[in-house]
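Structure first, commentary second.
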Amino acid sequence: MSDQPIVGNGTAPGAATDEDVAAIDRLRGLYEQLRGEIGRVIIGQDDVVRKLLICIFARGHALLMGVPGLAKTLLVHTLSDLMHLKFSRIQFTPDLMPSDITGTEILQETDTPGRRAFEFVRGPIFANVVLADEINRTPPKTQAALLQAMQENAVNYGSNAFSLAQPFFVLATQNPIEQEGTYPLPEAQLDRFMFLIHVDYPTADEELRIARETTVGALPKLSPVLSGEEIQAYQQVVRRVPVPDHVYEYVVRLVRRSRPSLADAPEWTKKWVLWGAGPRAVQYLVLGAKANAVLRGSYLVQAEDVDAVADPVLAHRILTNFHAESEGINSREIIRRLIAESREA
């Protein structure tokens, strides 16, 4: 299928307007600029950067999984600086309370002498980019306070509701090697994250650059590339990217084949998978594919765009069983087989 723009008045199926085509071209240029600026601070991790930007322009939240020392926090902070967004970091610990995230009421003096009243003091959740560091270090009650804000874009305190500033992203980190004293996120809460992004070790050449370039002075000062208003405008552009019917059908087929309870699921799915992905995976696959198409300069979503986001969308939504674990099969291997067989169907 051609990547050439299909332009028109926006009324025909599969057509993009001239205005959207121009916006996609601008966003593609900004994407390259963002990558270049991030590369001045972060060495390597190109795939992680790409997935984070896809998640942001698709208006989703991401969970970064990786061992300590891979610059996850620095990457998130750098992104917020380049996008001229308010950044907030929450270090999750076992004694963290929900009010430490959302905020609390304190007794304040009023203008009337001798009269005091409760006033809500906003917590660190009231930011554009919230880094939830080691989210599995805090009990479920506190995790739930964060995840409610992710879902509703608001904080409820007593009888009052406080809207969160837009755009709003939660980028959480999780350490896969330390399990003592942790509270793993339940599957229903994991489902709130659009992407699960695995952050791996750098290559030998990248690690050599880290040794040479990050130990000689201060990090370079970066200038913002995008504003919050521009990000929201481009998020709308991403949602308007046309998707052919056969790509929608491919997405649905891919997700449904992950469910062992369905009669038409492959036999190996029934053997290795405990639970398959739900309908939210369908939504996120489509939105992620749209953002991937835009960031590579395409005006139309293709099946390859779905494949590009299948791993981060599905990895935490497919639960393998004991048989899979005993044979060394994980969810990422399941996804690879699903893609190969769904494309052939």
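Charge tally for residue 267 (other residues, Cβ to Cβ under 13 Å; Lys, Arg +1; Asp, Glu -1): +2. Here the range 39-240 has an Rg and Dmax of 18.8, 67 Å, counting Cα atoms alone. Diagonalising the gyration tensor over the Cα atoms of the range 258-335 and scaling each eigenvalue by 5 before taking the square root yields semi-axes of 27, 12, 10 Å, largest first.
As an exercise, identify the trypsin sites (Lys or Arg not before Pro) in the range 213-272 lying in DSSP coil whose Cβ has no more than 13 other Cβ atoms within 10 Å.
Here the sparse-neighbourhood loop sites are 221.
Compactness of the range 10-104 was expressed as the Cα radius of gyration divided by 2.2 N^0.38 Å, which yields 1.40. Say we join alpha carbon atoms closer than 10 Å with springs in a Gaussian network model of the chain; which of 169, 193, 118 then has the biggest fluctuation? With Cα springs under 10 Å in the chain, the top fluctuation among 169, 193, 118 is at 118. In units of the compact-protein estimate 2.2 N^0.38 Å, the chain shows a Cα radius of gyration of 1.07.
What's the longest uninterrupted piece of the chain once you rule out the GluC sites (Glu not before Pro) that are loop residues per DSSP with at most 12 other Cβ within 10 Å?
1-179
Give me the tail of P(r) for the range 201-344 as a percent: Cα-Cα pairs with distance above 21 Å. Percentage above 21 Å: 56. Computed over the chain with a Gaussian network model linking Cα atoms closer than 10 Å, the most mobile of 125, 318, 329 is 329.
Amide H to amide H distances under 5 Å link residue 89 with 131, where only residues 5 or more positions off or on other chains count and H is placed in the peptide plane.
Can you grab the distance from the C-alpha centre of the range 237-312 to the C-alpha centre of the range 78-151, Å, no decimals? The two parts, judged by their Cα centres, are 34 Å apart. In summary, the convex hull built on the alpha carbon positions of the range 61-165 has an orientation-averaged projected area of 8.4 nm². In order along the range 233-243, phi translates into HN-Hα couplings of 5, 6, 4, 5, 4, 4, 5, 8, 5, x, 10 Hz, rounded to whole numbers, per the Karplus curve 6.51 cos²θ - 1.76 cosθ + 1.60 with θ = phi - 60° and x for Gly and Pro.
Quick check on my link table: of 51/86; 72/141; 72/270; 51/141; 141/270, which ones sit more than 31 Å apart, alpha carbon to alpha carbon? Listed pairs above 31 Å: 72/270; 141/270.
Shown here for the range 102-191: trypsin sites (Lys or Arg not before Pro) in loop regions (DSSP other than H, G, I, E, B) with at most 15 other Cβ atoms within 10 Å, namely 115. Computed over the chain, the per-residue total of -39500 (n - 2.57) for DSSP H runs of n ≥ 4 gives a 222 nm mean residue ellipticity of -13500 deg cm²/dmol, rounded to 500.
Shape descriptor for the range 114-220: Rg over Rh equals 1.10 (Cα atoms; Rh from the Kirkwood inverse mean 1/r).
No value in this document is a laboratory result; all are computed from the given coordinates. Just so we're clear, the structure is a prediction, and the values are computed from it rather than from any experiment. Neighbour counts are summed over all protein chains in view; Cβ atoms, including those assigned to glycine, are modelled from backbone coordinates with ideal geometry.
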